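Structure first, commentary second.
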Amino acid sequence: MTILLRMQAIAVTRSARAVLHGATLALHDGERLAVQGGIGAGKSTLLLTALGLLEHQSGTVELLGQVCKVEHDFAPLRGKVGLLFQDPEDQLIGPTVLEDVEFGPLNLGWDARQAHHAADDALDQVGLLHLSERPVHELSGGEKRLVALAGLLAMQPTVLLLDEPTVSLDIETTDRILQILLASKLSMLIATHDPLCVDRLATRSVRLEHGMITD
């Protein structure tokens, strides 16, 4: 089975604190792997490191078959590997819903027509096509999470990295997010402490504690 993401003996220090030390995992094609752990365990750090948004002091990150060490290695892969941030405010940058979702494809070099079509398809996939012209700042928290997800789906990724995808959502929106993710058939690395998310979405789970990952 193809390994899409491999992290071997990863060490990351943030603000003089060792957050990860010796963290090791592998995400296989077709898997939805949940990384469980309490608040402050380092789950977000793990995802950011996997995509090269945080520097690792030691260890190896292999993404889509390529060993990645520096920004030059990671940057070309960020269309195929999408990260859903825990707070959508950290992700949404367009003035309207459509412009925000189009941004990713345009940034990948797609022409305007392709980007518009991909954005429409992604918004339809998350059920928000009717909000295309809505200013982003007028959206609810749940709608912002869905728009952020649409922005990733528009880039037609191979892998999704999900940072607490159901946190602070009501039951209805949580159910909607989980249904969309399941229907996508994408491989996923899911950082979560939500048992419902693990039960409904994950095909396998591991635990992050004291900077290390255990089955």
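We did not get these values from a lab; they are worked out from the coordinates using the rules stated. If you're wondering where the values come from, they're calculated on a predicted model, not measured in any experiment. Glycine also receives a Cβ, built like all others from the backbone with ideal geometry; neighbour counts cover every protein chain displayed.
Kindly indicate the residue of the stretch 45-70 that is over 18 Å from the mean Cα position of the chain (by Cα) and more than 19 Å from residue 22 (Cβ to Cβ) and also surrounded by the fewest Cβ atoms within 10 Å (Cβ to Cβ) among those meeting that condition.
70
Restricting attention to the stretch 53-75, and to residues there that are among the charged types (D, E, K, R) and out of contact with any strand residue (DSSP E or B) (no Cβ under 6 Å at 6 or more places or on another chain), which single residue is farthest from residue 91 (Cα to Cα)? I'd like the intermediate steps shown before the answer.
Kept after step one, since they are among the charged types (D, E, K, R), are these residues of the stretch 53-75: 55, 62, 69, 71, 73.
Next, from what is left, pick out any that are out of contact with any strand residue (DSSP E or B) (no Cβ under 6 Å at 6 or more places or on another chain): 55, 69, 71, 73.
On the way: 55: 20, 69: 24, 71: 19, 73: 22 Å.
So the residue we want is 69.
Please find, among 120, 124, the residue that is assigned to a helix (DSSP H, G or I), surrounded by fewer than 19 Cβ atoms within 10 Å (Cβ to Cβ), of a type outside the set (Val, Ile, Thr) and in contact with a helix residue (DSSP H, G or I) (Cβ under 7 Å, 6 or more places away or on another chain). Even if it seems obvious, please write down each step before you answer.
Details: 124 fails: in contact with a helix residue (DSSP H, G or I) (Cβ under 7 Å, 6 or more places away or on another chain).
None of the other options fit; the residue is 120.
Does the stretch 3-39 hold any residues that are of a type in the set (Gly, Ala, Ser), within 21 Å of residue 200 (Cβ to Cβ) and surrounded by 17 or more Cβ atoms within 10 Å (Cβ to Cβ), and which are they?
Kept after step one, since they are of a type in the set (Gly, Ala, Ser), are these residues of the stretch 3-39: 9, 11, 15-16, 18, 22-23, 26, 30, 34, 37-38.
With the extra rule that they be within 21 Å of residue 200 (Cβ to Cβ), the set shrinks to 30, 34, 37-38.
34, 37, listed by residue number.
Which one of the conditions (1) crowded, with 18+ Cβ neighbours inside 10 Å; (2) under 14 Å from residue 156 (Cα atoms); (3) touching a Gly at 6+ places or on another chain (Cβ under 9 Å) does residue 83 fail to meet, given that it meets all the rest?
Just one mismatch for residue 83, condition (3).
Taking the stretch 82-111 as the region of interest, how many residues are closer than 22 Å to residue 54 by Cα and touching a helix residue (DSSP H, G or I) at 6+ places or on another chain (Cβ under 8 Å)?
Start the filter on the stretch 82-111 by keeping residues that are closer than 22 Å to residue 54 by Cα, which leaves 82-93, 104, 107-108.
Next, only the ones that are touching a helix residue (DSSP H, G or I) at 6+ places or on another chain (Cβ under 8 Å) stay: 82-86, 88-89, 91-93, 104.
Counting residues in the stretch 82-111 that are closer than 22 Å to residue 54 by Cα and touching a helix residue (DSSP H, G or I) at 6+ places or on another chain (Cβ under 8 Å) gives 11.
Which residue out of 100, 90 is farther than 18 Å from residue 25 by Cβ, surrounded by 15 or more Cβ atoms within 10 Å (Cβ to Cβ), without any contact (Cβ under 8 Å) to a residue 60 or more places away in the chain and of a type in the set (Asp, Glu)? Talk me through it step by step, then tell me what you get.
On the way: 90 fails: surrounded by 15 or more Cβ atoms within 10 Å (Cβ to Cβ).
The match here is 100.
Can you tell me which residues in the stretch 6-33 are under 30 Å from residue 182 (Cβ atoms) and either free of Cβ contacts under 8 Å to residues at least 12 places away in the same chain or touching an Asp or Glu at 6+ places or on another chain (Cβ under 7 Å) (or both)?
Initial filter on the stretch 6-33 (under 30 Å from residue 182 (Cβ atoms)): 6-8, 10, 20, 23-33.
6 - this is the single residue of the stretch 6-33 that is under 30 Å from residue 182 (Cβ atoms) and either free of Cβ contacts under 8 Å to residues at least 12 places away in the same chain or touching an Asp or Glu at 6+ places or on another chain (Cβ under 7 Å) (or both).
Of a type outside the set (A, V, I, L, M, F, W, C), out of contact with any Asp or Glu (no Cβ under 9 Å at 6 or more places or on another chain) and loosely packed, with under 15 Cβ neighbours inside 10 Å: does that describe residue 111? Steps first, answer last, please.
Working: of a type outside the set (A, V, I, L, M, F, W, C): yes; out of contact with any Asp or Glu (no Cβ under 9 Å at 6 or more places or on another chain): yes; loosely packed, with under 15 Cβ neighbours inside 10 Å: yes.
Here the answer is yes, as residue 111 does meet what is asked.
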